[in-house]
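Computed from the coordinates by the stated procedures, all read-outs in this text should not be read as laboratory data. All values reported here derive from a predicted model rather than from experimental measurement. Cβ coordinates were reconstructed from backbone atoms using ideal geometry, including for glycine residues, and neighbour counts include every protein chain displayed.
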Amino acid sequence: MPLSVDVAIEAAAWEALPHLESLAETAVHACVAETKVKLPPDCEVSVAFCDDETIRALNAQWRGQDKPTNVLSFPTPGRAADKPLLGDIVIAYETVAREAEAEGKSLADHTAHMILHGFLHLIGYDHETSAEAEAMEAVERRIAFALGIRDPYEGTQP
């Protein structure tokens, strides 16, 4: 695989999810396989698993929203094919755990969805418009299916 996944576990609560590094690598590589994104040799992506406090501060600083969120993506500038460092994905434990419980999903499945959602942002997908959201969600559904995860948008409105 031309892509390495650098995992940083920054919050002890993530110990509730064993094999987090493997989960991140599997989700990222499934994204690459499904999207067929062209990446340079020895490309790297960083996935940081943090808490709500950390992601709230990042969300306030970079998006002007002083509240926690489930996942943030920080792509490096340029085309994916030209970037040796694709970017960073940051995922907050408390928000993801709360959402998983509320939606009747396993923590592992919801975390995998957050990883793939964040990765898609790094390679240029977005959901600012309805058309973009539909296209991105369709790719997310295909990747989730390939990972054996039920439709992450099942029961939601488009």
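Remarks
- Per residue of the chain, the DSSP helices (runs of n ≥ 4 H) give a summed -39500 (n - 2.57) that works out to -14500 deg cm²/dmol at 222 nm.
- All other residues whose Cβ lies under 13 angstrom from that of LYS38 are scored, Lys and Arg at +1 and Asp and Glu at -1, for a net of +2.
- Taking a straight line from the alpha carbon of LYS38, these lysines sit under 17 Å away, with near neighbours fewer than eight places off in the same chain left out: LYS83.
- Kyte-Doolittle mean at least 0.0 and Cα axial length at least 20 Å: DSSP H helices in the chain: 20-35, 107-122, 130-146
- Summing +1 for each Lys or Arg and -1 for each Asp or Glu among the other residues whose beta-carbon sits under 14 angstrom from that of GLU140 gives -4.
- Separation of the range 8-59 and the range 79-138, taken as the distance between their Cα centroids, equals 10 angstrom.
- Anisotropy class of the range 64-147 from Cα gyration tensor, a/c 1.5 cut: prolate
- Among LEU72, LEU120, LEU107: highest mean-square fluctuation, GNM of the chain, C-alpha pairs under 10 Å: LEU107
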